């Protein structure tokens, strides 16, 4: 009945009512449908992001565990292959004293045993220093990095230098250790893979940001290479760097210098208010 | 037939609420809508069954429109999260209520009051759009249609949008024409009550039972023998 009224050309009110009602209903339903679909899309996208983040975290955790195990194996190998035989040899020399009663021979055996024990002490000291450098704890990041670069320069393999422009107040000890490990890892990578002849590290502060830049003239990575390696199964050290930076809420950027002759790695960290209190 | 269905349609959401939601500690918004449905049903019965109701049909409709707006405004005040929007709802609702009351008192009460009905409809549609806009902007952790409030707002929007034009031109219609076109209101009312029922069911089945969350109730911890 309503439709017949609408189709009648004389009844404007019916037409207004019919089309008005249909129009309003169409707008309402259209709005609801749009909102529902839009929200579904947003939720699906968020779920996808969550899954990707979980996968990334799993990869980083696995890399961290693998690295830990490798480190333990290396320490175990160092102790077993180097320290163990040395101490066994020292024991042999000392045992000889029970058998050989000749004083000269005894003194010689004790002297040999002492030499070997000295070597063992030095070996264990080196293992300990590689685990936790005492310079870092006692004198801070600047001294520890200086030490590291001096050792590299001293070995003659390349020219290594560093300059801290604005490090009057030390960061927290835990944070200094993390930054030191990152620098160690980056420097190790440069030594192993880049074939560089020099490496230079600078430190700056700008506002509440703490920057460390490493320049070298060998084969380097760009940011694209870094991200690709991070997603793949290789690049354990880089994944470790990524996990450590996450703890500090920092960023890392790999690039080739503007002059196209150097590779540059920039580490950016946020300086917290209470960062300066040593633990 | 259709007017009868429209009058008894509130029984569906009332029954569903009492059976499924009453024991589940429903949110205040659902109680507000339940109260509104009861009131609407009671007024329809009074209008049909009493002489006073039939004689003062337009007056009752005017008063109900004011009460309906107050209830819906309170529902949106509870449902919308933003404190700023809540503040504005209170301010604007007070102004609109003052306008509606003054319009009602100055009107003749012998005809359908289009101004009250259409202002109320437009205000409620605006509040519904604000609610939906807020839902889009909130970071979503569940689908919007798994929330009872969404279905209630949908129901309100369907009713208000489908009856808006009817209410605007009702003043210019004769009694016979009003009776003829009131079919739109009857259909909208029936659909609205069905969607209210869906809202109550969504509340019941989207909220997990306490027995499905054994660690949420400390009395479930076994005692030492």
Answer with yes or no whether residue A:199 is more than 17 Å from the chain's Cα centre (by Cα) and in a strand (DSSP E or B).
-> yes
Quick one: residue B:85 ticks every box in (1) without any contact (Cβ under 8 Å) to a residue 60 or more places away in the chain; (2) closer than 24 Å to residue B:168 by Cα bar one, so which box is it?
-> (2)
Just need a number here: residues in region B:173-207 that are in a helix (DSSP H, G or I), within 13 Å of another protein chain (Cβ to nearest Cβ) and without any contact (Cβ under 8 Å) to a residue 12 or more places away in the chain.
-> 4
Is it the case that some residue within region A:238-250 is touching a strand residue (DSSP E or B) at 6+ places or on another chain (Cβ under 6 Å), touching a residue at least 12 places away in the same chain (Cβ under 8 Å) and part of a strand (DSSP E or B)?
-> no
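Kindly indicate which of A:41, A:58 is over 29 Å from residue A:241 (Cβ atoms), free of Cβ contacts under 8 Å to residues at least 24 places away in the same chain and either loosely packed, with under 12 Cβ neighbours inside 10 Å or in contact with a helix residue (DSSP H, G or I) (Cβ under 9 Å, 6 or more places away or on another chain) (or both). Break it down into steps so the answer makes sense when it comes.
Numbers: A:58 fails: over 29 Å from residue A:241 (Cβ atoms).
After applying the criteria, what remains is A:41.
Taking the options B:166, B:100, name whichever one is facing chain A (nearest Cβ under 8 Å), buried (at least 19 other Cβ atoms within 10 Å of the Cβ) and either in a helix (DSSP H, G or I) or touching a residue at least 60 places away in the same chain (Cβ under 8 Å) (or both). Write out each step before concluding.
Working: B:100 fails: facing chain A (nearest Cβ under 8 Å).
From the options B:166, B:100, the qualifying one is B:166.
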Return only the number of the condition from (1) more than 14 Å from the chain's Cα centre (by Cα); (2) surrounded by fewer than 23 Cβ atoms within 10 Å (Cβ to Cβ) that residue B:194 does not satisfy.
-> (1)
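Within region B:108-123, how many residues turn out to be more than 12 Å from chain A (Cβ to nearest Cβ) and crowded, with 20+ Cβ neighbours inside 10 Å? Can you show your working first?
Our first condition is that a residue be more than 12 Å from chain A (Cβ to nearest Cβ); within region B:108-123, this holds for B:108-117, B:119-120, B:123.
When the remaining residues are screened for being crowded, with 20+ Cβ neighbours inside 10 Å, the result is B:112-113, B:116-117, B:120, B:123.
Within region B:108-123, residues that are more than 12 Å from chain A (Cβ to nearest Cβ) and crowded, with 20+ Cβ neighbours inside 10 Å number 6.
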Any residue at all in region B:133-145 that is surrounded by 14 or more Cβ atoms within 10 Å (Cβ to Cβ), over 15 Å from residue B:64 (Cα atoms), more than 9 Å from chain A (Cβ to nearest Cβ) and over 16 Å from the mean Cα position of the chain (by Cα)?
-> yes
Among the residues of region A:40-54, is any assigned to a helix (DSSP H, G or I), more than 30 Å from residue B:150 (Cβ to Cβ) and more than 14 Å from every other protein chain (Cβ to nearest Cβ)?
-> no
In region B:146-163, which residues are modelled with pLDDT of 85 or more and more than 7 Å from every other protein chain (Cβ to nearest Cβ)?
-> B:147, B:148, B:149, B:150, B:151, B:152, B:153, B:155, B:156, B:159, B:160, B:163
Can we say residue A:130 is closer than 24 Å to residue A:193 by Cα and assigned to a loop (DSSP other than H, G, I, E, B)?
-> no
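Pick from B:127, B:105: which is in contact (Cβ under 8 Å) with a residue 24 or more places away in the chain and either assigned to a helix (DSSP H, G or I) or within 14 Å of chain A (Cβ to nearest Cβ) (or both)?
On the way: B:105 fails: in contact (Cβ under 8 Å) with a residue 24 or more places away in the chain.
Criteria check complete, one pass: B:127.
The values are calculated or read from the model by the stated rules, or taken from the named source; none is laboratory data. Not measured: the values here are computed from a predicted model. Positions of Cβ are backbone-derived with ideal geometry, glycine not excepted, and every protein chain shown enters the neighbour counts.
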